[in-house]
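Worksheet for the structure shown next.
The values are calculated or read from the model by the stated rules, or taken from the named source; none is laboratory data. Please read these numbers as outputs of a predicted model, since none were measured by experiment. Cβ: placed from backbone, ideal geometry, glycine included. Neighbour counts: every protein chain shown. Quick note on the areas: whole protein, heavy atoms, side chains included, nothing else; ligands and nucleic acids left out. Shrake-Rupley method; radii C 1.70, N 1.55, O 1.52, S 1.80 Å.
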Amino acid sequence: MAMVGLFWITEDAVYVGAEPTGTASGVRLTKDGVETLGLGQGRFWAWDDVRGLDVQDVAVRSTARRLASMAFDSVYAMVTGDGELPPAFTVRVETEGDGTVEATALAAAPGGIHTPDEYDLSRTLLTRLTSGATPVDELLTWRRDEPEDVAPTRDQRLALLRRWTAATD
């Protein structure tokens, strides 16, 4: 598994945000379509029925502010012993038959904070996934070809997002 932008990529699926466990909510993208997960949220749409994917409420800060926020959160948790879940954000799925459906996803990024370039490229990738310009299989193939125990660096993650969002059509 690897985190790239807003996505958690496994060999079988791409999650918008963290891969949910148990009854936690989330959004899974597969070669067949989009699925909302979690207690009371479980629904599926084939790609032909999906008109748009977007995110709201994502924590976005510059690299310096992101590092400062993460340091503060670490010190706070160490002093108080009060750790908390990663921040949640909203995934909006626009569909042919059901209109717009909102689902909650937990951030997979450390501290739940993304940089502006990660955020912008991730939103562009959501648009390309919806239109079919970038198939989900391209992300899954990359994950299958990578060593399981090696996480891409920040620069590598940005390069992947740029590659997946490059206009080649």
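General observations
- Residue in the range 81-89 that is open to solvent by 40 Å² or more (accessible area, probe 1.4 Å), at pLDDT below 75 and at positive phi present: yes
Residues are listed down the side, and each one gets a yes or a no for (1) among the aliphatic types (A, V, I, L, M); (2) within 25 Å of A59 (Cβ to Cβ); (3) touching a strand residue (DSSP E or B) at 6+ places or on another chain (Cβ under 8 Å):
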residue: T100; (1), (2), (3): no, yes, yes
residue: I113; (1), (2), (3): yes, yes, yes
residue: D117; (1), (2), (3): no, yes, no
residue: T134; (1), (2), (3): no, yes, no
residue: L139; (1), (2), (3): yes, yes, yes
residue: T153; (1), (2), (3): no, yes, no
residue: A166; (1), (2), (3): yes, no, no
